[in-house]
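The structure appears right after this line, and notes come after that.
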Amino acid sequence: MEDYKKNVMNEGEKEIVYSQAIKAGKRIYYIDVKKNRKDEMYLSITESKKIVSGEGDNTSVSFEKHKIFLYREDFEKFLTSLKEAIGYVVAEQGELQPRITPQGEQEPATEKLDIDIDF
């Protein structure tokens, strides 16, 4: 994961006060903390997926993006539901097993996800 802070105010965009990028194969997830005009903070979660179409000289690359905005008053409900959903998947399919890279190397097993945030 990559952490960085930036204070950018482009026309039509909200101020990003904190950002984290999570690279996951062809996808990148961005978790941004933004401030609105009233100086209230909220989360902007973006999934960006690389799409390659065509072949040879006709190859084109584009990115498909999906965003959700999560406001402070909804953090606790969202976090509770996310924990429950993750718990369900783990109970049904077990802990995530290490992946083998194209070079034949074993990626380390993902550490157990333990979210403990107080609001």
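The values are calculated or read from the model by the stated rules, or taken from the named source; none is laboratory data. It should be emphasised that the depicted structure is a prediction, and the values quoted were computed from it without experimental measurement. We place every Cβ from the backbone using ideal geometry, glycine too, and count neighbours over all the protein chains shown. Heads up: the accessible areas ignore ligands, DNA and RNA and are worked out on the full protein's heavy atoms, side chains in. Shrake-Rupley method; radii C 1.70, N 1.55, O 1.52, S 1.80 Å.
Annotation: of all residues in the stretch 1-19 being assigned to a strand (DSSP E or B) and surrounded by fewer than 13 Cβ atoms within 10 Å (Cβ to Cβ), the one that is modelled with the lowest pLDDT is 8. Checking 111, 76 one by one, the residue that is out of contact with any helix residue (DSSP H, G or I) (no Cβ under 7 Å at 6 or more places or on another chain) and at pLDDT below 95 is 111 and no other.
Looking only at residues in the stretch 20-57 that are at pLDDT 90 or above and aliphatic (A, V, I, L, M), which one is least open to solvent (accessible area, probe 1.4 Å)? If we take residues in the stretch 20-57 being at pLDDT 90 or above and aliphatic (A, V, I, L, M), then 21 is least open to solvent (accessible area, probe 1.4 Å).
Here's the yes/no breakdown for (1) in contact with a Lys or Arg (Cβ under 7 Å, 6 or more places away or on another chain); (2) under 15 Å from residue 15 (Cα atoms):
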site: 38; (1), (2): no, yes
site: 50; (1), (2): yes, no
site: 66; (1), (2): no, no
site: 74; (1), (2): no, no
site: 85; (1), (2): no, no
site: 94; (1), (2): no, no
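For the stretch 73-92, filtering for residues that are open to solvent by 80 Å² or more (accessible area, probe 1.4 Å) and touching a residue at least 24 places away in the same chain (Cβ under 8 Å) leaves 2.
Just one of (1) open to solvent by 100 Å² or more (accessible area, probe 1.4 Å); (2) modelled with pLDDT of 95 or more; (3) outside any helix (DSSP H, G or I) fails for residue 70. It is (1).
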